[in-house]
Amino acid sequence: MENSPMRQQIASMRQSLFDEEILDNHYLQLEQLEDRDNPNFAEEVMTLYCRDSTKIIASLHQILVGANKIRNEVNLMREYVKEENIEKTKSAFQELQIQHDILRAKIEPYFQLLRQVGPIETAQRPK
Amino acid sequence: MEDEVLKSGVASGRVQKMTALIVDDNRVNQTIHHRLLQNLGIENQVVGNGKEAIDVHCSGKNFDLILMDLDMPVMNGIEATRKLRAMGIQSTIAGVSSRSLTDNIQEFIEAGLDDFQEKPLTIAKLVSILRKVQNHNN
């Protein structure tokens with residue numbers, strides 16, 4: 001039963017996922033957390049991850065809210081990914097996180113104040 | 001091997017059963033950290049942000065260990081840690097974040113952390129945190 005053709009195919013597929021570096025050692029940890037009560041834990045976590053990450057990746061395409069510096073950093077990241085420049089991609093990602101923090105730190109107090117006084121003037125594009 | 005020693009200790013009653021609170025907005029991390037702790041025999045609860053962590057404590061619950069994520073909506077890990085310490089919560093609080101130590105998490109540590117580990121949490125990192133909890137409790 002253990003060496004059935006199906007089992008061998010599964011083992012081979014699993015190995016190629018590691019050989020092609022699609023998965024790494026952290027996935028092994030997920031498999032180690034499986035037991036009789038949680039036999040499909042690794043699959044459950046992967047499914048959750050793929051669902052959530054699909055939404056995040058989709059949202060990166062939707063930079064329509066006017067977050068200028070974040071859009072610039074995302075575009076830079078895309079360029080560096082295309083160039084396969086890992087170091088620059090990491091650095092752009094760190095800058096993206098910083099710009100994201102700055103956006104939230106500045107826009108939230110602005111909206112709080114706006115809620116208190118109500119919108120009197122519409123935003124004017126700087127000349 | 002250390003996790004097996006810890007598990008058998010908890011099972012035999014030699015190691016006092018610990019409790020933990022997982023504070024993280026990411027469902028994947030919640031699932032993995034919950035399972036990691038469960039596997040080590042540690043009763044644990046999950047909340048989705050810093051405010052929920054505060055609310056759980058206000059309801060009278062207390063935990064030996066709090067795994068606190070940094071970046072969360074509503075209330076982040078820094079603010080939640082500060083508030084918990086201001087409330088007199090003396091649990092071991094371990095900051096867990098995908099940001100590295102070089103990424104200015106000094107503010108997070110100064111908010112009142114007992115430990116900081118970079119994600120992803122591994123069994124080895126978790127055992128290291130739990131050792132601190134045991135020392136703290138003893």
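The values are calculated or read from the model by the stated rules, or taken from the named source; none is laboratory data. All values derive from a computational prediction rather than experimental measurement. Backbone-built Cβ (ideal geometry, glycine too); neighbour counts: all protein chains shown.
Worth a mention:
- Options B:V96, B:V46: the member that is assigned to a strand (DSSP E or B) and away from chain A (no Cβ under 14 Å): B:V96
- Output for region B:27-62, where each listed residue is more than 29 Å from A:Y27 (Cα to Cα) and out of contact with any helix residue (DSSP H, G or I) (no Cβ under 8 Å at 6 or more places or on another chain): B:E52, B:D55, B:V56, B:C58, B:S59, B:G60, B:K61, B:N62
- When B:Q38 is tested against (1) closer than 25 Å to B:N135 by Cα; (2) surrounded by 18 or more Cβ atoms within 10 Å (Cβ to Cβ); (3) without any contact (Cβ under 8 Å) to a residue 40 or more places away in the chain, only condition (2) is not met.
- Long-range neighbours under 6 Å by Cβ, at least six apart or interchain, first residue more than 10 Å from every other protein chain (Cβ to nearest Cβ) within region A:11-39, second of a type in the set (F, W, Y): none
- Counting only residues that are charged (D, E, K, R) and surrounded by fewer than 17 Cβ atoms within 10 Å (Cβ to Cβ), region B:117-136 holds 3 of them.
- In region B:81-108, the qualifying residues are those that are more than 26 Å from B:L40 (Cα to Cα) and at pLDDT 95 or above, and the one that is surrounded by the most Cβ atoms within 10 Å (Cβ to Cβ) is B:K83.
- Meets criteria (surrounded by 19 or more Cβ atoms within 10 Å (Cβ to Cβ) and under 24 Å from A:F41 (Cβ atoms)) for B:D69: yes
Every residue, every condition in (1) at pLDDT 85 or above; (2) away from chain B (no Cβ under 13 Å); (3) farther than 27 Å from B:L36 by Cα, yes or no:
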residue: A:A42; (1), (2), (3): yes, no, no
residue: A:T54; (1), (2), (3): no, no, no
residue: A:I57; (1), (2), (3): no, yes, yes
residue: A:H61; (1), (2), (3): no, yes, yes
residue: A:V81; (1), (2), (3): yes, yes, yes
residue: A:K88; (1), (2), (3): yes, yes, yes
residue: A:R104; (1), (2), (3): no, no, yes
residue: A:Q112; (1), (2), (3): no, yes, yes
residue: A:G118; (1), (2), (3): no, yes, yes
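- Per the listing B:T31, B:T19, the residue uniquely more than 12 Å from the chain's Cα centre (by Cα) and farther than 21 Å from A:E108 by Cβ is B:T31.
- Checking each residue in region B:119-138 for being within 25 Å of A:Y27 (Cβ to Cβ) and more than 12 Å from chain A (Cβ to nearest Cβ) picks out B:V127, B:S128, B:I129, B:L130.
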